[in-house]
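The next block holds one structure in the form of structure tokens; read it before the comments.
The values are calculated or read from the model by the stated rules, or taken from the named source; none is laboratory data. Since the structure is predicted, the reported quantities are computational estimates derived from the model, not experimental observations. Backbone-built Cβ (ideal geometry, glycine too); neighbour counts: all protein chains shown.
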Amino acid sequence: MTAWRRDFHRHPELGFEETRTAGIVASLLRAWGIAVEEGIGVTGVVGTLTGTRAQGGNRAVALRADMDALAMPEATGADYASATPGKMHACGHDGHTAMLLGAARWLAANRDRFGGTVRFVFQPAEEGRGGARRMVRDGLFERFPADAVYGMHNLPGLPLGTVAVPKGPVLASSDTWEVTFRGAGIHGARPHLGTDAPLAAAQFIAALPMIVAREIDPLQAAVLSVGHMAAGARDAPNVIPAEVFLCGTARAFTPEVRDHLEARLAAVAHGVAATCRVTAEPRYIRRISPTINRAEQAAIAVQAARAALGDAHTMDDHPPLTPGEDFSEFLAERPGAFVWLGTGDPAHPEGFHHNPHFDFNDAALAPGAAFWCSLVETELG
């Protein structure tokens, strides 16, 4: 698994470009006698393995690993560092792929330990490019039926080899919002002759925290952040521009809070615009839904973790985190659970996800693969 992981790390591929990675995955699965289908969701791979234990019944479970890298430079200095400038595995998907391959190899050699069917789902384009949705649209669960689906992600800072299974919300929705304010541009020395779009934008930015602080239940959580502003020209500071563009991100853990953010963001934009005698054009783009564990599958994951790793390395809950994860697309289709795998403290103080110093801890590969194997035995044993 370490050799596979470091090879994937040295040859990172962005979403929907994972042809080399997918080819290696498919070749290994076939070598172990696992039926393989390629090209699911452009570059996705699905392996199917049927157990021989009679007690397993006809159930099927899907295990998912993501394969894509990020468009960013690497600064780890590892001898297996990215050989492709501007691309690196900065989120540990190389480790996810290697762990699921390790589990597939062991399960293929121990089919008598389970009955039913295992689907090994190697997903492309998790990093914001919609790989899970593309696989679902390609008929993932119609072509490869599954009664439950499970995902796993590494988590630096969580003790090495520990599996944490959140109850309920795991990760937030990840949406993008945009607002364009339009007024009548005018000389900055004579503002009364125009209408001030920058003033409206400033009031809108100031009002955003009010939505979260005074309209969302304090026991819930939400985020509205501004990530980009564009207006006017730096060489013309004496001109009040006619147009201001803002965009940012919105996060929520429940569909209800997500709906509220969308509705109120538009209402506040229009209200501020009316006050400033300009117009507002708000747009809310839903990208990734909240990742929410089902109680039954979460309990099964906890049982599997305890069987494989022991009570000391199993957490039956974990607080939700605000990043997004498109595994939620799979959970919208089938019941399931998403778990965290602890990789210990990062070797570099900045070595968390989406950082040029990030590197997956290879010591977590064995516990991760062991959890996958135990989960199959728990579900289908």
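Scan the stretch 121-143 for residues that are surrounded by fewer than 22 Cβ atoms within 10 Å (Cβ to Cβ), over 19 Å from A90 (Cβ atoms) and not small (G, A, S) and the total you get is 7. Exactly one residue among A146, A184 is at pLDDT 95 or above, among the small types (G, A, S) and in the same structural domain as P255 (by TED's automatic domain parsing), and that residue is A184. Go through P156, P124, P191 for me and flag whichever is under 22 Å from the mean Cα position of the chain (by Cα) and more than 25 Å from T43 (Cβ to Cβ). Result of the check over P156, P124, P191: P156. Among the residues of the stretch 212-235, just one is within 20 Å of F181 (Cα to Cα), surrounded by 11 or more Cβ atoms within 10 Å (Cβ to Cβ) and out of contact with any strand residue (DSSP E or B) (no Cβ under 6 Å at 6 or more places or on another chain), namely G232. Among the residues making up the stretch 176-207, those that are surrounded by 22 or more Cβ atoms within 10 Å (Cβ to Cβ) and not in a loop (DSSP other than H, G, I, E, B) are W177, V179, F181, A197, A200, A201, F204. Residue check: G128 meets all listed conditions (1) small (G, A, S); (2) modelled with pLDDT of 95 or more; (3) over 22 Å from Q303 (Cα atoms) but one, namely (2). Taken over the stretch 256-293, the criterion of being touching a residue at least 60 places away in the same chain (Cβ under 8 Å) and among the small types (G, A, S) is satisfied by A269, A273, A280, S289. Got a number for residues in the stretch 41-58 being assigned to a loop (DSSP other than H, G, I, E, B), in contact with a helix residue (DSSP H, G or I) (Cβ under 6 Å, 6 or more places away or on another chain), over 23 Å from E17 (Cα atoms) and of a type outside the set (S, T, Y)? Number satisfying all stated conditions: 2. Can you find even one residue in the stretch 17-32 that is in a strand (DSSP E or B) and at pLDDT 95 or above? Among the residues of the stretch 17-32, not one is in a strand (DSSP E or B) and at pLDDT 95 or above, which makes the answer no.
Does the stretch 252-262 contain any residue that is under 30 Å from L224 (Cβ atoms), touching a Ser or Thr at 6+ places or on another chain (Cβ under 7 Å) and not assigned by TED's automatic domain parsing to the domain that holds G77? The answer is yes; a qualifying residue exists. Residues in the stretch 338-381 that are without any contact (Cβ under 8 Å) to a residue 12 or more places away in the chain and closer than 19 Å to L321 by Cβ: E350 alone. Filtering the stretch 1-48 to residues that are aromatic (F, W, Y) and at positive phi leaves only F16. Screening the stretch 57-90 for residues that are buried (at least 20 other Cβ atoms within 10 Å of the Cβ), small (G, A, S) and over 21 Å from the mean Cα position of the chain (by Cα) and picking the one that is farthest from R129 (Cα to Cα) gives A60. Inspection of the stretch 155-169 identifies no residue that is without any contact (Cβ under 8 Å) to a residue 24 or more places away in the chain and either out of contact with any Asp or Glu (no Cβ under 6 Å at 6 or more places or on another chain) or outside the structural domain of V46 (by TED's automatic domain parsing) (or both).
Could you say whether any residue in the stretch 232-247 is modelled with pLDDT of 95 or more, closer than 30 Å to L63 by Cβ, in a loop (DSSP other than H, G, I, E, B) and not assigned by TED's automatic domain parsing to the domain that holds P320? Checked against the condition, which is being modelled with pLDDT of 95 or more, closer than 30 Å to L63 by Cβ, in a loop (DSSP other than H, G, I, E, B) and not assigned by TED's automatic domain parsing to the domain that holds P320, the stretch 232-247 yields no hits at all.
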